[in-house]
Amino acid sequence: MFLKNSETMSDLPKPKWAEYHDAELFLFEANPYYNSDLVELKQKYSLQGIKVEIFPSTLVGVKNGLGTFMLDSEKDYHGSSSTEDNGPGMGPRKMTDLTVINFSQWLLMNVLPQDFVVVKMNIKGAEYEVVPHMAEMGLWAVVDHLLVDWHSFDIGGATPEEIQYRDDRAAAALAKLEAEGVKM
């Protein structure tokens, strides 16, 4: 089971034969501002006997390496993103380099087809690259549920044609994942 920045697991799907205390949590958070929250979540769930692994200051992407993250200190860090634009009204942001993890590769290397895997994703625009990559890599073999918070703002000053291509590519990826059995 995979969570991101969630205070409760009760809203996440689970098989009838399992309990939440059976879960293993892998928490990815790009924003360094929330590193202490990630540590607190690990401590909270660990006290309940749940195995938790955290990935602080880690971007979820399609290639391993380094990536630029833009910190928005003017909006309580909620406007921070790995994309150039995060919607209307964004002020200046501080850029920092963070580790990027190829999420599809990580999943394929760390979970088994018989595992019950829930991916809860809120990655501020990067979902338009990550979800199609998941479909291209055949992640339906290891993912049971995919819950995505979609951000429909103009990413990086894209043209209407680029936005349409991005949206169509994401829709096709979702359709493929769903057709192969991933629940949305």
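The values are calculated or read from the model by the stated rules, or taken from the named source; none is laboratory data. Predicted model, so just to flag it, every value in this text is computed and none were measured. Don't worry about glycine lacking a Cβ; one is built from the backbone with ideal geometry, like all the others, and counts go over all protein chains shown. These accessible areas exclude ligands, DNA and RNA; they are computed on the full protein's heavy atoms, side chains included. Shrake-Rupley method; radii C 1.70, N 1.55, O 1.52, S 1.80 Å.
Computed quantities for the displayed model
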{"quantity": "Per residue, in Å², the accessible surface of the stretch 36-76 once ligands and nucleic acids are set aside, probe 1.4 Å", "calculated": "57 Å²"}
{"quantity": "Length gained when the stretch Ala141-Met184 is fully extended (0.36 nm per residue, less Cα-Cα span)", "calculated": "14.0 nm"}
{"quantity": "Filtered chymotrypsin sites (Phe, Trp or Tyr not before Pro), the stretch 98-148: DSSP coil and at most 10 other beta carbons within 10 Å", "calculated": "none"}
{"quantity": "Pairwise FRET efficiency - Phe116 versus Ser46, Cβ, R0 = 25 Å, nearest 0.05", "calculated": "0.75"}
{"quantity": "Nitroxide proxy distance, nm - points 7 Å out along Cα→Cβ at Thr68 and Arg169", "calculated": "1.9 nm"}
